[in-house]
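Contents: one structure, followed by commentary.
Throughout, read-outs are computed from the coordinates displayed, never taken from laboratory work. Keep in mind it's a predicted model, so treat the numbers as computed, not measured. Here the Cβ positions follow ideal geometry from the backbone for every residue, glycine too, while neighbour counts run over all protein chains shown.
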Amino acid sequence: MSAYQYGFVNARIRGRKSFMLVKSDYNALLSAENIQAALRRLEGTHYQPYITQLSMEEFNIVKVEEGLTQAFQSEVHRILANLKNRWAIALFRQLHRSLELKCVTTILKSIILDVPWEDTSHYIIPYGKVDSTTCKDLVEGKNIQNAVRRVERRLAEEIMRITKVTTDPTEQALEIEIAVERYVSIRVWESANALRGRDRLCIRLTGISSDKLNIMTVLRMKKLGLKSDEISNYLTPTYYMVKAEDLQRAAAATTEKDAVKIFTAGYYVNVISPLVSIYDVKENLSIFEKALERYHSDVCEKIFMKSTFTLAEPLAFLYLRWYEVRDLIAILMGKNFGMPRDRIEQALVLHQPPHPV
């Protein structure tokens with residue numbers, strides 16, 4: 001696409017990106033003596049309109065999350081208002097919808113695992129039409145069908161199928177989470193591949209996310225002891241740098257540790273290899289997911305090092321802004337519970353070293 005089509009949008013995006021938090025902002029938040037001090041520091045940033053009132057009240061993580069996600073949603077709407085290309089609009093609408101569906105997933109997992117709202121509220125991120133009131137009502141209602149009504153018919157049918165054929169609550173929750181992630185990834189991938197010309201630079205940004213989903217699906221399913229053919233049913237057919245044959249070999253490995261070693265022979269070797277010995281000790285798969293997210297954020301940052309005049313800049317910006325929102329939630333939650341700084345940093349994506357150790 002031409003500079004004429006995206007020049008105005010990209011100029012605004014670069015302006016908005018200049019307001020994103022930098023390393024010193026993160027350090028200030030992490031160094032804050034308590035949650036209220038952290039919120040006051042956040043008031044000095046572009047999030048000020050969304051959290052000012054909250055800093056004067058008793059800390060409520062759900063209200064804070066809603067304020068932060070409202071800031072993100074305003075960026076989505078701002079971009080959509082300035083797009084004319086129908087394929088571009090479709091991609092951003094899919095991204096917006098995907099975050100609503102992920103919120104519904106958290107609700108479903110809470111119902112299945114019988115997690116009370118008081119606990120669910122610590123990690124759920126209300127988004128879009130699924131606001132905090134809706135989240136609370138659905139979790140406390142403990143009715144899976146009411147929550148499933150919030151998703152598209154084909155996905156709803158798959159979720160209900162899982163609830164009937166899988167009896168173990170933990171497996172059921174994981175399978176539903178993967179099913180939703182799979183559905184979301186396919187929709188976004190299809191939208192990215194419908195783009196034309198140089199806008200197809202977006203495929204790299206969406207492709208890395210798809211690869212991360214497939215890698216983590218294999219590893220988590222292997223850790224649960226599922227067989228190769230069972231795992232194959234949950235893989236997302238959106239292959240970027242990790243091909244179908246790579247995933248099949250990893251799924252056929254004896255254990256998740258063997259599967260990890262298979263992935264070290266592929267495109268993400270520099271992301272995964274440094275963590276193999278750490279996983280042998282900690283056995284926490286989230287370190288691989290966090291490393292892949294940090295790699296993805298680095299790729300997004302590099303989009304702005306050259307003038308592309310394509311949809312890749314707005315897309316990279318939204319990915320980075322969502323990482324920032326999630327990071328802020330992690331920091332504030334950590335401060336609220338008195339977690340040590342190094343433990344909070346392990347959960348962050350932006351302004352961190354490549355590998356969470």
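Look at the dipole of the chain built from charges on Cβ: of Gly44, Tyr268, Ala88, the Cα furthest out on the positive end belongs to Ala88.
Efficiency by 1/(1 + (r/R0)^6): what FRET value for Leu80 and Asp229, r their Cβ-Cβ distance, R0 = 41 Å, to the nearest 0.05?
0.50
Between the C-alpha center of the range 261-339 and that of the range 91-168 there is a gap of 24 Å. Counting beta carbons within 10 Å around each of Phe304, Phe92 and listing the fewest first gives the order Phe304, Phe92.
In a simple Cβ point-charge model (Lys, Arg +1; Asp, Glu -1; nothing else charged), the range 203-292 has a dipole of about 140 debye relative to its Cα centre. Under a Gaussian network description of the chain, with springs only between Cα atoms under 10 Å, the residue in Ala192, Ala28, Ala250 that fluctuates furthest is Ala28. Only the Cβ atoms of Lys and Arg (+1) and of Asp and Glu (-1) were treated as charged; on that basis the dipole of the range 306-357 about its Cα centre amounts to roughly 60 debye.
With a ≥ b ≥ c the root eigenvalues of the C-alpha gyration tensor of the range 3-346, is it rounded (a/c under 1.5), prolate (a/b larger than b/c) or oblate? Rounded is the answer for the range 3-346, as its axis ratio a/c remains below 1.5. The GluC sites (Glu not before Pro) of the range 44-107 that DSSP puts in a loop, and whose beta carbon has at most 16 other beta carbons within 10 Å, are Glu57, Glu58.
Measuring between alpha carbons in the structure, the pairs from Lys212/Lys261; Lys212/Lys257; Lys102/Lys257; Lys164/Lys282; Lys129/Lys306; Lys142/Lys335 lying more than 24 angstrom apart are Lys102/Lys257; Lys164/Lys282; Lys129/Lys306; Lys142/Lys335. Sorted on the mean count of surrounding Cβ atoms within 10 Å across their residues, most packed first, peptides 155-161, 197-203, 20-26 read 197-203, 155-161, 20-26.
Of Ile215, Ile144, the sequence from fewest to most neighbouring Cβ atoms within 10 angstrom is Ile144, Ile215.
Going from the fewest other Cβ atoms within 10 Å to the most, the residues Glu33, Glu177, Glu313, Glu301 appear in the order Glu33, Glu301, Glu177, Glu313. Of the GluC sites (Glu not before Pro) found in the range 252-298, the ones in coil according to DSSP and having at most 15 other Cβ atoms within 10 Å of their Cβ are Glu283. Between Arg341 and Thr163, the distance separating the two model label sites (each 7 Å from Cα on the Cα→Cβ line) works out to 4.6 nm.
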